[in-house]
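Step one of this worksheet: look at the structure below.
Every read-out reported here was derived from the displayed coordinates using simple, explicitly stated rules and does not represent laboratory data. All values derive from a computational prediction rather than experimental measurement. For neighbour counting, all protein chains shown are included, and Cβ atoms are generated from backbone atoms with ideal geometry for every residue, glycine included.
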Amino acid sequence: MRRSEFDRAVTDEFGNRGNAVVTDLVLGRFGDRTPAQALAAGIPPREVWLALCVEMDVPPERRYGAGRLEPKPR
């Protein structure tokens, strides 16, 4: 997952609250860092996304593949 895909997944899942979730929610899994701090520390976006999903009780069916771009037409 790229950072742009992470951003898209957050927006798709949390809408207008997405920015607040990324900057305010503390994730114990990453040493009590927010998702924004975890990303800045070099933790891969996919790991941050999955930890965020667990913390926010995002259903498993919405955790994988979120934020991916639609395939380009051939």
Cα-Cα pairs above 17 Å in the stretch 26-68: how many percent?
26 percent
Can you tell me the convex hull volume per residue for the chain, based on C-alpha atoms, in Å³ to the nearest whole number?
86 Å³
Below 8 Å, C-alpha to C-alpha, sequence gap of six or more: please give me the relative contact order for the stretch 3-62 in percent.
26 percent
Most exposed first by the Cβ proxy, i.e. fewest other Cβ within 10 Å, how do Met1, Met56 rank?
Met56, Met1
Cβ neighbours within 10 Å, averaged per peptide: list 11-21, 38-48 in order, most packed at the top.
38-48, 11-21
Given the rule -39500 (n - 2.57) for each run of at least 4 DSSP H residues, summed and divided by the residues of the chain, what is its mean residue ellipticity at 222 nm, to the nearest 500 deg cm²/dmol?
-13500 deg cm²/dmol
For the pair Glu47/Tyr64, report the inter-label distance in nm, with labels modelled 7 Å from Cα in the Cβ direction.
2.0 nm
